[in-house]
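Here's the structure, in structure tokens; my notes come after.
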Amino acid sequence: MRPSGTVVVVPFRDDLAQYFAALNLEWIEHYFVLEEADLTVFKDPRGTIVEPGGQIFFVISDDDVVGACAVIRHDNRVYEVAKMAVAPRARGLGYSNLLAKAVIEFARKAGAKTLRLLSNSRLEPALRLYEKHGFKYVPVSDAHEYSRVDIQMELNFSDPTIPLNEKIPKSLKATIERVYGETGRRWLVTAPAILNECCMRWSLELDEPFANLSYNLVIPGRTSGGREIVLKVGVPCPELLTEAAALSLFDGVGAARLLDHDATRGMLLIERVTPGIPVYKLQGEVEATKSAAALMRRLWRLPPLQHSFPSLAIWFRAFARLRDVFGGGTGPFPSEVTGEAENQFSKLNASSTGNVILHGDLHHENILSSASDGWLAIDPKGICGDPGYEVGSFMLNQLPAEASDAETMTILDQRLSIFSAELDIRRERLAGWAFCHAVLSALWNFEESTEWVRTIRLAEMLRSLTKS
């Protein structure tokens, strides 16, 4: 169907009531189950919607009724968008946009302060339409009669701020969809509501997100009292649980302080480290490596008697997953390098003289300057293991891309010597752990369909240093 030359939006008439029901029944029965609350409205749209002060708008194209949408009055301040439907034959022609404009203008002229709507995360085109018109996601209220509802949005007529969905960078959305699949896509739909809930729960004013985000949305801001904070939200996963547990264990000593969290729902409120400049921007190679070593010593804690931190053995199950995928082989990975990493890990892990709770990802960009406390760590993974493993992430980070293999080897060799002296751990043991970590990192990158070849090359360099 093409858009007609005669398209009008008209308010409710009794002869149009049948179309209100028919248009909505099509999408409700396609996606969900018709509920008693639906039937009540469809049996008497005039009595349930129009007479109490609401309205139902219809789109008519050349005498063909192709769309409908209701606006329900709850009280003088609150109105609700409900039952928007466009006939399948007329979708994609902008009729839903006409209906949205009509109900918004009706509510505005009626003096509404808030226009709300209830929906479902499966109805993504409709949600994008509402986002376009400035609706914001909010926590779902219990004051409704529909089992299908898992989304609530509101348009505040006195609020000119940008919708929270615009705070999620496109690159982060792509990563979340790639890594988490359908779970990630569903989380992205609800993320603006989660952000809004965080803002209300902790009285936050949020700025723009940090650049170069990986798997989580990380946004600086402040509380109503002026305290500088960082809000971190992401798809609920074990990594966010262990990050919250690690920050709680560190308790602001050597790491950013965790102020509050609901980690089971992927929400962490963290005190912002200021000025928060990464160590590599303020110190040279030698000084930065020494600062990292000092911070490692400051962070490490004996494992609590009862804890949920994963062990290194759990992380290194990635090798078994690789062999399962390739029928016992190593696929594109060099079999000799992969096999040696497996053997090295077994020996190093078995010979550990005592495990500690490690940061697990303490590289240059996760060590920030603090005006009041020197250097502080952010973004811990939280892992229980041998102290020597901790150097792995730092060893692989901030290596000049244009450097030759010989130049890279010199940097790696120097870092190992510094770490060995500062941490009082044998150099060959640190080299072995760094080698194992490099191969593990390459396997993780492979699992997530990101670049891994350079990491394997670094692993081969570190392998040679285990023999020097």
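See the values below:
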read-out	value
Matching residues in segment 210-256 - criterion: being without any contact (Cβ under 8 Å) to a residue 24 or more places away in the chain and in contact with a Phe, Trp or Tyr (Cβ under 8 Å, 6 or more places away or on another chain)	V218, T223
Out of G339, G360, sole residue that is farther than 21 Å from I229 by Cβ, surrounded by fewer than 17 Cβ atoms within 10 Å (Cβ to Cβ) and not hydroxyl-bearing (S, T, Y)	G339
Hits in segment 278-317 (condition: among the hydroxyl-bearing types (S, T, Y), at pLDDT 95 or above and more than 23 Å from L376 (Cα to Cα))	S311
Sole residue being within 34 Å of the chain's Cα centre (by Cα), among the hydrophobic types (A, V, I, L, M, F, W, C) and modelled with pLDDT under 95, chosen from A371, A341, A320	A371
Pair list, Cβ < 7 Å and 6+ apart or interchain, from segment 358-377 residues that are at positive phi to residues that are β-branched (V, I, T)	G360/I383
Qualifying residue in segment 304-326 (condition: closer than 30 Å to P209 by Cβ and surrounded by fewer than 16 Cβ atoms within 10 Å (Cβ to Cβ))	yes
Residue within segment 204-215 that is outside any helix (DSSP H, G or I) and buried (at least 21 other Cβ atoms within 10 Å of the Cβ) present	no
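The values are calculated or read from the model by the stated rules, or taken from the named source; none is laboratory data. Predicted model only: the values in this text are computed from it and were never measured. Quick reminder, even Gly has a Cβ in these numbers, built from the backbone with ideal geometry, and neighbours come from all protein chains shown.
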